[in-house]
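So the structure is just underneath, and the comments pick up after that.
The values are calculated or read from the model by the stated rules, or taken from the named source; none is laboratory data. Note that the coordinates shown come from a computational prediction; the quantities given were computed from them, not determined experimentally. Please note: Cβ atoms are built from the backbone with ideal geometry, for glycine as well, and neighbour counts cover all protein chains shown. What goes into the accessible areas is simple: the full protein's heavy atoms, side chains included, and nothing from ligands, DNA or RNA. Shrake-Rupley method; radii C 1.70, N 1.55, O 1.52, S 1.80 Å.
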Amino acid sequence: MSEPTTGRTEPGASAEPDVPEVSGTTGRTEAGASAEPDFLKVSGLHAGYGRARVLQGLDFSVARGEVCAILGPNGAGKTTTLRALSGMAGGRGSVTLDGTELLGRSPEQAARLGVAHVPEGRGTFNDLTVEENLRIGAHLRTARRWRGRAERAAVTADLERIYGHFPRLRQRSRQAAGSLSGGEQQMLAIGRALIRRPALLLLDEPSLGLAPLVTRELFEIVRAVNEEERTTVVVVEQNARLALDIAHRAHVLEAGRLVLSGPAARIREDGHIAEVYLGVPAHARKAG
Amino acid sequence: MSAVTDLLQQVVEGLGSGAVYASLALALVLIHRFTGIVNFAQGELAMLSTYVAWQLVASGMPFWLALPVTLAVSFAGGMLVERIVIRPVQGAPELTVVIVTVGLFIFVNALAGLIWSFTVKDFPRQFPDGGLDLAGVRVDWSTLGILGVVAVVMGLLYLLFQHTSSGLVMRAVACNPSSARLSGIRVGRVLMLGWGLAATVGAVSGVLVAPVLFLEPNMMGGVLIYAFAAATLGGFDSPVGAVVGGLIVGVAETLTGAYVDVIGADLKVGVPLMIILAVLLVRPQGLFGRAAVVRA
Ligand SMILES: Nc1ncnc2c1ncn2[C@@H]1O[C@H](COP(=O)(O)OP(=O)(O)O)[C@@H](O)[C@H]1O
Ligand SMILES: [Mg+2]
């Protein structure tokens, strides 16, 4: 049994040089391995809150069209990583999306550069209807141009696309979003992000607080969207199995450092790692 | 005059002054909804706008031209206040923000006194004298005019918020600013627009009330207290509540002034304070407001 690489990789070198490319038999293989492996490139990323330093130098890349899972225990810094990518947390180092630096941007600038962050807590606009929530998502697509008839038609088409993914949202389109169930609000949050055809979709614990069946449905939709629209996705999850099912690559974060990186299929099939994610504490693993 | 027509007469007059309170309350509610800030300087900003209108008319501009110019100036002024005075303390502890708006109150008041002095100025009447006689109840044109203006303002705000995409964006910012940011909305600009809008609505109240109260730097002090009562009664988050609350407060004021002898004209200002107290005790969220929810 070959061990996946552990420990940090050298900044500047391509993300995980030592991990052999294994095509998973049941999982997904590398997407777009030929084209743009560094579509999202994170190098030497340090981030935190005031004096609390959370991320201690992350390096990883996500290819265009790929689903990347970031796994790890509570408090590891997964949310902080996504926040640094979307401008919600400041950081040092470098994060480029399609060659454009993202660090030092405000959330609204990052959004305008194509980053769609579905945050912890889902960011629902409670007082707005479901459809108005989606229109806010489409705001960027319409804000810059004169809102003529063609524009309205485009928004309608976008809404249809989202309702196609999430038929339940169509049924509730006139309802106040605050009255939706947790699962529906998560669908709405993802729909609000997808309606603007983001270059990069960031999902923070989409399974949190949802029934297993709903979660499964949600992840299947994310997989479908990734396949149909070639959206690049970074998904953060504590539920490792679910995330590994839809991811091409995965990284494990612990105490602000990547401790393991590799193809999702490999990580999923590795009994040792599975054991770790079934609750064996990190120190026990290190001792073993 | 029968007791009933006398009562109706008082109600009509109450509605007239209530409409003025309603428009200033509307301005208070707009700011509160957008920023969670209670703007103690709202009345003073309205007073400043009224002086702008007075100055324009005094220098020869016809009133109905001076009005839109004043509203535009007020809009720009409101945006400026947000950017210069409020933005730096946005997110600071509530007491800090309160003190800043109280400081703005004092500053604007003094500024107006400095420029225009504290002597009372006659403000042009916008509506003709006279009125209608409805079965013995006299309804002045000015009362009808004020009610009409407030109805128009209300209608325009409704159209803006419910039927335009800018209004949708503004509601989204009021509802969840951090999520709005993640959607690419430039929240700072939207907040500036919100303050501009509120200052414009406030300016309407100042211009409406100036012919009645006469223009001087302290003109809006009393009106602000009534507007606070109106906003508290209606619910500090509800524009509809502000208007309904304003009308109720106006009617309550004239009725108690006319019928409750111990109160009379001198103690009338106690009425809004009692309303504020009663609402806070019985239904703190007001008639149209929602009970406070903890935002995640
Ligand atoms: N707003 C904040 N201010 C200060 N510390 C924070 C803040 N948010 C998170 N942290 C700390 O940063 C660390 C990583 O948090 P987070 O990125 O949310 O982890 P995860 O999402 O992996 O559970 C934790 O120790 C947490 O206590
Ligand atoms: Mg988290």
Discussion item. Condition first: farther than 30 Å from B:V73 by Cα and assigned to a helix (DSSP H, G or I). Can you find one or more residues in segment B:242-249 that meet it?
Written reply: yes
Fill in: Residues (away from ligand 2 (no atom under 15 Å from the Cβ) and part of a helix (DSSP H, G or I)) located in segment A:232-241
A:R241
Worksheet item: When you go through A:A52, A:A89, A:A76 one by one, which is the residue that is modelled with pLDDT under 95, within 14 Å of another protein chain (Cβ to nearest Cβ) and under 27 Å from A:L208 (Cβ atoms)?
Response: A:A89
Worksheet item: Of all the residues that make up segment A:92-131, how many are within 11 Å of chain B (Cβ to nearest Cβ), among the hydrophobic types (A, V, I, L, M, F, W, C), in contact with a helix residue (DSSP H, G or I) (Cβ under 9 Å, 6 or more places away or on another chain) and more than 16 Å from ligand 2 (Cβ to nearest atom)?
Response: 6
Practice prompt. Confirm whether A:V155 is touching a residue at least 60 places away in the same chain (Cβ under 8 Å) and either closer than 25 Å to A:R230 by Cβ or within 14 Å of chain B (Cβ to nearest Cβ) (or both).
Written response: no
Fill in: Criterion: among the small types (G, A, S), in a helix (DSSP H, G or I), modelled with pLDDT under 95 and open to solvent by 30 Å² or more (accessible area, probe 1.4 Å) - qualifying residue of A:G183, A:G164
A:G164
Practice prompt. State whether the residues of segment A:97-114 include one that is within 16 Å of ligand 1 (Cβ to nearest atom), more than 15 Å from the chain's Cα centre (by Cα), farther than 29 Å from A:A265 by Cβ and not hydrophobic (A, V, I, L, M, F, W, C).
Written response: yes
Item to complete: Please specify each residue of segment A:92-108 satisfying the condition of being open to solvent by 40 Å² or more (accessible area, probe 1.4 Å) and out of contact with any strand residue (DSSP E or B) (no Cβ under 9 Å at 6 or more places or on another chain).
Response: A:T100
Worksheet item: Can you tell which of A:G50, A:G72, A:G77 is on the phi > 0 side of the Ramachandran plot, near ligand 1 (Cβ under 9 Å from one of its atoms) and without any contact (Cβ under 8 Å) to a residue 40 or more places away in the chain?
Response: A:G50
Item to complete: Could you grab the pairs with beta carbons closer than 8 Å, sequence gap of 6+ or different chains, first residue in segment B:159-180 and in contact (Cβ under 8 Å) with a residue 60 or more places away in the chain and more than 7 Å from chain A (Cβ to nearest Cβ), second one outside any helix (DSSP H, G or I) and open to solvent by 40 Å² or more (accessible area, probe 1.4 Å)?
Response: B:A174/A:D127
